[in-house]
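First comes the structure, then the notes that go with it.
The values are calculated or read from the model by the stated rules, or taken from the named source; none is laboratory data. Just so you know, these numbers come straight off a predicted model, no measurement behind them. Here the Cβ positions follow ideal geometry from the backbone for every residue, glycine too, while neighbour counts run over all protein chains shown. The protein model used for the area step is the full one, side chains on, heavy atoms only, and it has no ligands, DNA or RNA in it. Shrake-Rupley method; radii C 1.70, N 1.55, O 1.52, S 1.80 Å.
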Amino acid sequence: MAKMPETAVSYCLKLWKESPFHFTVSKSRLSKLGDFRFRADQSVQTITINHNLNPYQFLITYIHEVAHHRAFKAHGTRIKPHGREWKSMFRNLMIPVLTDEVFPKDLLIPLKRHMDNPKASSSADFWLNRELRKYDPTRNGIKATYLNEITIGTVFELRGRKFKKVQPRRTRILCEEIISGRHYLISGNAEITLSHHGKD
């Protein structure tokens, strides 16, 4: 599977050449799509992106993390990770790829709206996330199911444990483990399996 749309590859390479960083495609993580952490003891910083993203999500995440890298480089480490400096940088870096040569039209409309005031994660934007999911790869012809797609009260399985979706919070979702009754905050991006019983 192509990691990102072909029409954006040369632009992404240009961003890297202008301000190099270590780049790693990582295993899937439940809590995040990508990662940038500023390390004062390292002259070259590192960006990681989950391997299982569709090409459009991969591209958005790549530019999202490059914007972190550049915002910290330009303004220092005292800025908020998703504050105005990052938002401004992210918007500017996305402008060259916000075209129908890179993104399909059904994605371009909610993506442009999202970029007016980008959130900490594209998955926190319901409309954009819904369109992005259409391009996710299928396994044996079956699309993955994600926690933020199911209704409250639905029982699901995650890594062999059963939970019930209780309530969405700002960036995560409060869920109750069926066996223990304990509550956990789980990323809406978590890929889940629906329990045979559905609702409790």
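For this structure, a couple of remarks:
- Only one entry of Lys87, Lys112 meets the criterion of being surrounded by fewer than 15 Cβ atoms within 10 Å (Cβ to Cβ) and at pLDDT 95 or above, and that entry is Lys112.
- Members of the range 22-53 found to be under 29 Å from Ala144 (Cβ atoms) and of a type in the set (Phe, Trp, Tyr), listed by number: Phe23, Phe36
- Restricting the range 34-52 to residues that are assigned to a strand (DSSP E or B) and not aliphatic (A, V, I, L, M), the residue that is surrounded by the fewest Cβ atoms within 10 Å (Cβ to Cβ): Arg37
- Count of residues meeting criterion [under 13 Å from Tyr62 (Cα atoms) and surrounded by 13 or more Cβ atoms within 10 Å (Cβ to Cβ)] in the range 5-23: 9
Quick grid of which residues meet (1) at pLDDT 95 or above; (2) among the aliphatic types (A, V, I, L, M); (3) under 14 Å from Asn189 (Cα atoms); (4) open to solvent by less than 50 Å² (accessible area, probe 1.4 Å):
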position: Ile95; (1), (2), (3), (4): yes, yes, no, no
position: Ser121; (1), (2), (3), (4): no, no, yes, yes
position: Asn129; (1), (2), (3), (4): no, no, yes, yes
position: Glu149; (1), (2), (3), (4): no, no, yes, no
position: Ile152; (1), (2), (3), (4): no, yes, no, no
position: Gly160; (1), (2), (3), (4): no, no, no, no
position: Val166; (1), (2), (3), (4): yes, yes, no, yes
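- You will find that of Glu176, Glu85, the residue that is over 20 Å from the mean Cα position of the chain (by Cα) and acidic (Asp, Glu) is Glu176 and no other.
- Residue within the range 100-108 that is modelled with pLDDT of 95 or more and aromatic (Phe, Trp, Tyr) present: yes
- Filter result for Arg182 (under 23 Å from Thr61 (Cα atoms) and either surrounded by fewer than 17 Cβ atoms within 10 Å (Cβ to Cβ) or at pLDDT below 90 (or both)): no
- Qualifying residue in the range 24-33 (condition: farther than 16 Å from Phe90 by Cβ, in a helix (DSSP H, G or I), open to solvent by 10 Å² or more (accessible area, probe 1.4 Å) and without any contact (Cβ under 8 Å) to a residue 60 or more places away in the chain): no
- Each residue in the range 58-84 was checked for being in contact with a strand residue (DSSP E or B) (Cβ under 9 Å, 6 or more places away or on another chain), among the hydrophobic types (A, V, I, L, M, F, W, C) and open to solvent by 10 Å² or more (accessible area, probe 1.4 Å), and 1 pass.
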